[in-house]
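Have a look at the structure that comes next, please.
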Amino acid sequence: MNSTSLEFARQLDTSDPLGKWRSEFWIPERENGLPEVYLVGNSLGLQPRRAAEFVQIELEKWQQLGVRGHFESDLPWMPYHEFLTQPMADLVGAQADEVVMMNGLTVNLHLMLATFYRPDRKRHKILIEEHAFPSDYQVAESQIKHHGFDPAESLIVANRAVGQATLETDTLCDLIRQQGESLAVVLLPGVQYYTGQVIDMAGVAEAAHSVGAIVGLDLAHAAGNVPLSLHDWNIDFAAWCSYKYLNSGPGSVAGCFVHRKHVTNPKLPRLAGWWGHDKQTRFEMKNHFQPIPTAEGWQLSNPPILSMAAVRASLSVFADVGGIAPLREKSLQLTAYFQQLLEQALGDQVNVITPTDPEQRGCQLSFQLIGVAGRSIQDQLESRGMMTDWREPNVIRAAPVPLYNSFEDVFRFVETLKVLM
């Protein structure tokens, strides 16, 4: 059978053991009643059908119990965030006491740097990559200024080699070692948002620690996408949103990781809040702060229950599927099929900038459109129900997510793009 045919794509879907999970998600439909080809889960994941049920339970509890909902029922609100801890820890390769769901991604990065970025005249630099997501750059720059240092001296940017779209691990680690004892924090993505490159997180951590620096990760595009081993890689801290590959809804509560070697140290400086105080004495309402000896010790306020209910729904899907391993297996198949179709259908009309090495990419393929007004092509794709993400200059980011995207989705997208090109 022709591997570039619709029949072949459907055969792949028929033999896909994860194909049944597509029906567990709401696929947006157009006015003609046809489902979109939704390849933008790297921006906002689709809604699990069970999310409404999980949220409705908490709405009814609020309706029927009022304030008693904090302490009554099978899932009381007071410890509600704890119901998310183990399944989230499983997804990011952490111990349960190293993970907490709280705040938003950028807030969590600031909270982590409030603890781990303690600059002095000798060690004051933060290293980021040149195409860091704007929030990461702004977090690093503002933290440097907050401590009275000059970003022109204290912000180190790892650049790509001329003509290269991605970061070379050796070059990155060499730069870390060159900065030596002046380097305070290495702040990098787990998966680079623009190119979809998976960073060698373990290698970076080893290089950073060899010069005495702290390593922190922005896992916005990695959590729920690629296998992670934060504890074993000896990552100091990490933060991630939950509305992309974790499918918990727009602006939903974020995740945070602090390595066990740090969580039991009550002397670590931090921005403190009542919800991070020791649970046994919290309601004695004393002003002296005694942090919980887990990642929970960085909490500030009581958690948003309705948002966390959606997170719990999504995590239950991941658990039922069997975790990240089977999803990763399908993801590798989807992206390989995707790249094959792009190359065969469009040849030198597209340039895939995501690494070809499967170990260096997740769900996302980013590709440049050659010789056309790319934004116009993107608009026409969207008008035809092909949902992807546009980034200047001339780059489309498309992410076939293994939980709900099919091989037929990929086929239909490439066929539509071919016609438009």
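The values are calculated or read from the model by the stated rules, or taken from the named source; none is laboratory data. Owing to the predicted nature of the structure, the values given are computational and were not obtained by experimental measurement. We place every Cβ from the backbone using ideal geometry, glycine too, and count neighbours over all the protein chains shown.
Looking at Leu127, Leu91 in this structure, which one is in contact with a Leu (Cβ under 8 Å, 6 or more places away or on another chain) and closer than 23 Å to Ile176 by Cβ?
None of the others qualify; the one that does is Leu127.
Given the structure, is Gly104 free of Cβ contacts under 8 Å to residues at least 24 places away in the same chain and surrounded by fewer than 19 Cβ atoms within 10 Å (Cβ to Cβ)?
No; evaluated as a whole, the condition is false for this residue.
Applying the selection to the range 241-261, what residues are closer than 22 Å to Pro291 by Cα and touching a residue at least 60 places away in the same chain (Cβ under 8 Å)?
Val253, Ala254, Gly255, Cys256, Phe257, Val258, His259, Arg260
Still on this structure: What's the number of the condition Ala158 fails, among (1) touching a residue at least 12 places away in the same chain (Cβ under 8 Å); (2) surrounded by fewer than 17 Cβ atoms within 10 Å (Cβ to Cβ); (3) hydrophobic (A, V, I, L, M, F, W, C); (4) more than 27 Å from Lys267 (Cα to Cα)?
Among (1) touching a residue at least 12 places away in the same chain (Cβ under 8 Å); (2) surrounded by fewer than 17 Cβ atoms within 10 Å (Cβ to Cβ); (3) hydrophobic (A, V, I, L, M, F, W, C); (4) more than 27 Å from Lys267 (Cα to Cα), Ala158 violates only (2).
Of the residues in the range 228-243, how many are more than 21 Å from Asp97 (Cβ to Cβ) and out of contact with any Leu (no Cβ under 8 Å at 6 or more places or on another chain)?
Of the residues in that region, 0 qualify.
Is it the case that the range 238-251 has a residue that's surrounded by fewer than 19 Cβ atoms within 10 Å (Cβ to Cβ) and either modelled with pLDDT of 95 or more or farther than 19 Å from Phe116 by Cα (or both)?
yes
Can you pull out the residues in the range 96-132 that are of a type outside the set (A, V, I, L, M), closer than 28 Å to Thr294 by Cβ and not in a helix (DSSP H, G or I)?
Asn103, Gly104, Tyr117, Arg118, Pro119, Arg123
So Gly196 clears everything in (1) at positive phi; (2) exposed (fewer than 15 other Cβ atoms within 10 Å of the Cβ) except one condition, right? Which one?
(2)
Any residue at all in the range 31-50 that's of a type in the set (Asp, Glu), at pLDDT below 95 and either part of a helix (DSSP H, G or I) or surrounded by fewer than 20 Cβ atoms within 10 Å (Cβ to Cβ) (or both)?
yes
Here are Asp90, Asp13: which of them is closer than 16 Å to Ser242 by Cα, touching a Gly at 6+ places or on another chain (Cβ under 7 Å) and among the charged types (D, E, K, R)? Outline the logic, then answer.
Values: Asp13 fails: closer than 16 Å to Ser242 by Cα.
Just a single option satisfies the conditions, and that option is Asp90.
If we scan the range 227-235, do we find a residue that is in contact (Cβ under 8 Å) with a residue 12 or more places away in the chain, in a loop (DSSP other than H, G, I, E, B), crowded, with 24+ Cβ neighbours inside 10 Å and β-branched (Val, Ile, Thr)?
Yes, the range 227-235 contains a residue that is in contact (Cβ under 8 Å) with a residue 12 or more places away in the chain, in a loop (DSSP other than H, G, I, E, B), crowded, with 24+ Cβ neighbours inside 10 Å and β-branched (Val, Ile, Thr).
If you don't mind, another one. Give me the residue from the range 172-215 that is within 22 Å of the chain's Cα centre (by Cα) and small (Gly, Ala, Ser) and, out of that set, farthest from Ala399 (Cα to Cα).
Ala208
Among (1) within 14 Å of His209 (Cα to Cα); (2) in contact with a Leu (Cβ under 7 Å, 6 or more places away or on another chain); (3) of a type in the set (Gly, Ala, Ser), which single condition is Ala140 missing?
(1)
May I ask you to list the residues in the range 223-238 that are over 15 Å from Lys261 (Cβ atoms) and in contact with a Phe, Trp or Tyr (Cβ under 7 Å, 6 or more places away or on another chain)?
Ala223, Gly224, Asn225
So, one more: Which residue pairs have Cβ atoms under 7 Å apart, sit 6 or more places apart or on different chains, and have a first residue in the range 374-394 that is touching a residue at least 40 places away in the same chain (Cβ under 8 Å) and a second that is surrounded by fewer than 18 Cβ atoms within 10 Å (Cβ to Cβ) and not charged (D, E, K, R)?
Filtered contacts from the range 374-394: Ile377/Leu420; Ile377/Met421; Gln380/Leu420; Gly385/Leu34; Met386/Thr416; Asp389/Ser43.
What pairs come up if the first residue lies in the range 60-89 and is over 23 Å from Asn103 (Cβ atoms), the second is buried (at least 20 other Cβ atoms within 10 Å of the Cβ) and of a type outside the set (Gly, Ala, Ser), and their beta carbons are under 6 Å apart, counting only those six or more places apart or on different chains?
Close Cβ pairs satisfying both conditions: Ser73/Lys61.
Tell me the residue from Ala398, Ala313 that is closer than 30 Å to Ile292 by Cα, buried (at least 22 other Cβ atoms within 10 Å of the Cβ) and either in contact (Cβ under 8 Å) with a residue 12 or more places away in the chain or in contact with a His (Cβ under 9 Å, 6 or more places away or on another chain) (or both), please.
Ala313
Okay, next question. Can you say whether Thr356 is among the polar types (S, T, N, Q), surrounded by fewer than 19 Cβ atoms within 10 Å (Cβ to Cβ) and under 26 Å from the mean Cα position of the chain (by Cα), as far as the supplied structure shows? Steps first, answer last, please.
On the way: among the polar types (S, T, N, Q): yes; surrounded by fewer than 19 Cβ atoms within 10 Å (Cβ to Cβ): yes; under 26 Å from the mean Cα position of the chain (by Cα): yes.
Yes.
I would also like to ask the following. Do we find that Ile324 is touching a residue at least 12 places away in the same chain (Cβ under 8 Å) and under 26 Å from Val253 (Cα atoms) in this structure?
Numbers: touching a residue at least 12 places away in the same chain (Cβ under 8 Å): yes; under 26 Å from Val253 (Cα atoms): yes.
Judged against the criteria, Ile324 is a match.
Sticking with this one: Which residue pairs have Cβ atoms closer than 9 Å, lie 6 or more positions apart in sequence or on different chains, and pair a first residue in the range 29-40 that is free of Cβ contacts under 8 Å to residues at least 12 places away in the same chain and at negative phi with a second residue that is charged (D, E, K, R) and assigned to a loop (DSSP other than H, G, I, E, B)?
So the pair list comes out as Glu29/Glu36.
Just a yes or no: is a residue in the range 73-94 assigned by TED's automatic domain parsing to the domain that holds Cys256 and exposed (fewer than 13 other Cβ atoms within 10 Å of the Cβ)?
If we filter the range 73-94 for residues that are assigned by TED's automatic domain parsing to the domain that holds Cys256, which is where we start, we get 73-94.
Applying the additional criterion that residues be exposed (fewer than 13 other Cβ atoms within 10 Å of the Cβ) yields 74.
Taking every residue of the range 73-94 in turn, at least one turns out to be assigned by TED's automatic domain parsing to the domain that holds Cys256 and exposed (fewer than 13 other Cβ atoms within 10 Å of the Cβ).
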